[in-house]
Amino acid sequence: MATLPAMSLTRRPVWQPVSCHLDRRGSRRHYRSFWRRASARRDRPHRRALLAAVTADGRCCQGCLAGSISDFLLLPELLASFGHLGYDVVEMVLADQDSWDRYEAAKWLTMRRWLEANPHDEFAKDVRAKLTSEPERYAAYTREYLGWGVFALMAR
């Protein structure tokens, strides 16, 4: 496993090293979330609409499990950031909302099955709270505002 170097762009926080997988060609698989363009707001400039929605009262950032809007980039900015780090993007696979829904729902089913098998475990209360809150949080925030992708990167 390899890591990407820490990055700092103007007005961007320093990214923590991210685990990546190397393949035979020397490309790195980088897994990253990014801000989606708010499709329901096509009549307004995307960045301004996203900023307004995400920063209006802070609930959206919290709902997306982000500390601030600078925790994620828009997809074009994310792709450009790899170039600034000295990497070429040679492949990318982006999750659409349907595939991400299936991914998230599978986690909820796993939590539910775990609760049934471990009702008296010391973590059961925490898992129950997470299972109760996650579907609504995901539908209200993550699904609408975040995207997710796998990016194959090769050093220049």
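Given the criteria touching a Pro at 6+ places or on another chain (Cβ under 7 Å) and of a type in the set (A, V, I, L, M), does LEU85 qualify? So LEU85 fits the description; yes. Any chance the stretch 114-123 includes a residue that's under 24 Å from ARG36 (Cα atoms) and of a type outside the set (Asp, Glu)? Checking the stretch 114-123: not a single residue is under 24 Å from ARG36 (Cα atoms) and of a type outside the set (Asp, Glu).
Has the stretch 103-110 got at least one residue that is within 20 Å of TRP35 (Cβ to Cβ) and either in contact with a strand residue (DSSP E or B) (Cβ under 7 Å, 6 or more places away or on another chain) or surrounded by 12 or more Cβ atoms within 10 Å (Cβ to Cβ) (or both)? Within the stretch 103-110, one or more residues are within 20 Å of TRP35 (Cβ to Cβ) and either in contact with a strand residue (DSSP E or B) (Cβ under 7 Å, 6 or more places away or on another chain) or surrounded by 12 or more Cβ atoms within 10 Å (Cβ to Cβ) (or both). Among the residues of the stretch 58-98, those that are modelled with pLDDT of 90 or more and of a type in the set (Ser, Thr, Tyr) comprise SER81, TYR87.
LYS130 satisfies every condition listed in (1) closer than 19 Å to CYS60 by Cα; (2) within 15 Å of the chain's Cα centre (by Cα) except (2). In the stretch 75-103, the residues that are farther than 29 Å from ALA139 by Cα and in contact (Cβ under 8 Å) with a residue 12 or more places away in the chain reach residues that are assigned to a helix (DSSP H, G or I) and aliphatic (A, V, I, L, M) with C-beta atoms within less than 9 angstrom, at least six apart or across chains, in these pairs: VAL89/LEU79.
The values are calculated or read from the model by the stated rules, or taken from the named source; none is laboratory data. Note that the structure is a prediction, hence the values are computed from the model and not measured. Cβ sites come from the backbone with ideal geometry, for glycine too, and all protein chains shown count toward neighbours.
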